[in-house]
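Encoded as structure tokens, the structure appears first; notes follow it.
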Amino acid sequence: MGHGIRYQCKRPLRKCWPKITQPSPRPRRRLIDATEIVGKMAAMTENLLANDALDRRGFMGSVGAAVLAAGVVSACDRGDGESGTADAPTSNRRNGPHPPKLTGSADWEDVRAQFDLSEDTIHMSAMLISSHPKPVREAIERHRKGLDRDPVTYLEANNSSGLNAARSAAGNFLGVGSGRIALTDSTTMGVGMVYNGMQLAPEDEILSTEQDYYVTIEAIRQLSKRTGARVRRIVLYERTETLSPDEAVARILAGINPRTRVVALTWVHSSTGYKLPAGAIGDAIEKINSSRPQERRIVFALDGVHGFGVEDVELSDLRCDYLMAGCHKWLFGPRGTGIIVAGEQGYAPLIPSIPSFLESGAFTSWVTDNGDAGPNNAQRMTPGGFQAFEHKWALLDAFEWIQSIGKSRVAARTYELAGQLKEGLRSIDAVTVQTPASSRESAGIVAFDIEGLSPNAAVARLRERKIIASVAPYAIPHVRLTPSIRNTPAEIDEVLRVIRQMA
């Protein structure tokens, strides 16, 4: 069933795009990753293993010498991981014209036209999983073709450079260096890796809230089981409209005691759409830390996925030690991508969970059998393994695309559409809106209930009318609609019309 809404630009899109000249690549050293090492060592390894008299230490010493001679240690990152360049190599750059990007003055019809969404459906589901905009689709396809034509050579030429280019783009988006950015597959992976990497003692305490999502609660439960530290969860609110930002900070502070070592929170709650004053909470925690010894410092970790890509902020505005977010929701990045962002303390306090193929220290330590991989860093926190590489490398294009629109414009447009929806829902007597009206306490998620209809029934009826909504999977569920920059005011009006008929 259609809604008579069409998405056609009033002028050819290419007129909106500026001509971009390709900068000359700067001479730099070629990065070598683990996939290259395997090929370079294969023949020698076979010969060495055939020698029965050669023990493991002798074997590893011989291989280590070969690796060092190949320049692996000198070419790859050490320490803070900042040596990964923001520029991709020639093989990772676009051949020919750049995929079209939007200028800062591009209108919202142009933005909507970048998506291949079905036009007979209203997609209010940005909080779940993204539809890729055209530049991201083209980047994924470009890399997919390269891998299909020559998988080994293309992987060797692009993997470390493509991942480091994505890290640099993420750092630029959040106002930090690439040495603060680790890549993951999702928010869930990032949350799990951060909390699993923490080192606590039985006398320590982890503070969270009853409003936090399953992923955070399960991750800190596992942390508690592994270390013996106690989990303490407080009720942050009964209803969102009763909680001011100052009261939210006060309630978090009231939950902190001398045993507290971790504060595990969520920036924007996926149940109600409430947005925590993360920066104010971080400032308050930092004041407590100023009077504590370093070894008793409180770590503030934040699941940031439903603010990331919506809010016009940098990491310094959030004042957290670790931010974990998926890139395949509000950022509209490649599916199966995410990031961890570290504050000034970096990754040294964490223990990595998954071996990395991006950082040389751990690999060289294994090869040379010296047992000392050095301090943890962002590249070592980036999991290795054979993955959907074309998606990871296309993350660069997702950041470039959203930056070409402008973070402030994205935030303003999301607030505008969410505000239109909330205002319309509040005018319907049978509807109770759970999300605060102000953008100071909310982002793009709009949660509500319809009298006489369960959330599951309401979502089912909306989908019958070709409107994609979702149910918040919590003990107290709500209906969720999540307008984003790919939606239009006309779609909001149509959604409100249908809900009025249902209520």
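Brief remarks follow.
- Among 118-130, 391-403, 147-159, the peptide with the highest mean count of other Cβ atoms within 10 Å heads the list, and the full ranking is 391-403, 118-130, 147-159.
- Positive minus negative residues near Asn257 (Lys, Arg vs Asp, Glu; Cβ under 9 Å): +1
- Among the GluC sites (Glu not before Pro) within the range 160-227, those in coil by DSSP and having at most 16 neighbouring Cβ atoms inside 10 Å are Glu203, Glu210.
- Rounded Å value of the spacing that divides the Cα centres of the range 144-221 and the range 270-331: 15 Å
- Over the range 351-503, the hull volume per residue, using the convex hull of the C-alpha atoms, is 180 Å³.
- Value of Rg to Rh for the range 296-398 (Rh from inverse mean 1/r over Cα pairs, i.e. Kirkwood): 1.01
- In the range 430-463, the trypsin sites (Lys or Arg not before Pro) that fall in loop regions by DSSP, at most 13 other Cβ within 10 Å: Arg440
- Computed FRET value (nearest 0.05) for Lys287 with Val152, which takes r as the C-beta separation and R₀ as 41 Å: 0.15
- Of the solvent-accessible surface of the range 318-424, computed with a 1.4 Å probe and all protein chains present, 56% belongs to carbon and sulfur.
- Ranking Thr216, Thr188, Thr368 from most to least accessible surface, computed with a 1.4 Å probe over the protein chains only, gives Thr188, Thr368, Thr216.
- Cα gyration tensor shape for the range 212-275, rounded if a/c is under 1.5, else prolate or oblate: oblate
- Taking a ≥ b ≥ c as the square roots of the eigenvalues of the Cα gyration tensor, the range 413-455 is prolate, since a/c reaches 1.5 or more and a/b is larger than b/c.
- Packing rank of 466-476, 377-387, where each peptide gets the mean count of other beta carbons within 10 Å, highest leading: 377-387, 466-476
- Placing dummy labels 7 Å off each Cα toward the beta-carbon, the span from Arg440 to Ser427 is 2.5 nm.
- Those residues of the range 163-203 whose amide nitrogen sits under 15 Å from the label point placed on Ile354, 7 Å along Cα→Cβ: 163, 182-197
- GluC sites (Glu not before Pro) lying in DSSP loop within the range 279-365, provided at most 15 other Cβ fall within 10 Å: Glu314, Glu344
The values are calculated or read from the model by the stated rules, or taken from the named source; none is laboratory data. What you see is a predicted model, and the numbers here were worked out from it, not measured in a lab. Cβ: placed from backbone, ideal geometry, glycine included. Neighbour counts: every protein chain shown. Ligands, DNA and RNA are stripped out before the accessible areas are found, and what is left, the full protein with its side chains, is counted by its heavy atoms. Shrake-Rupley method; radii C 1.70, N 1.55, O 1.52, S 1.80 Å.
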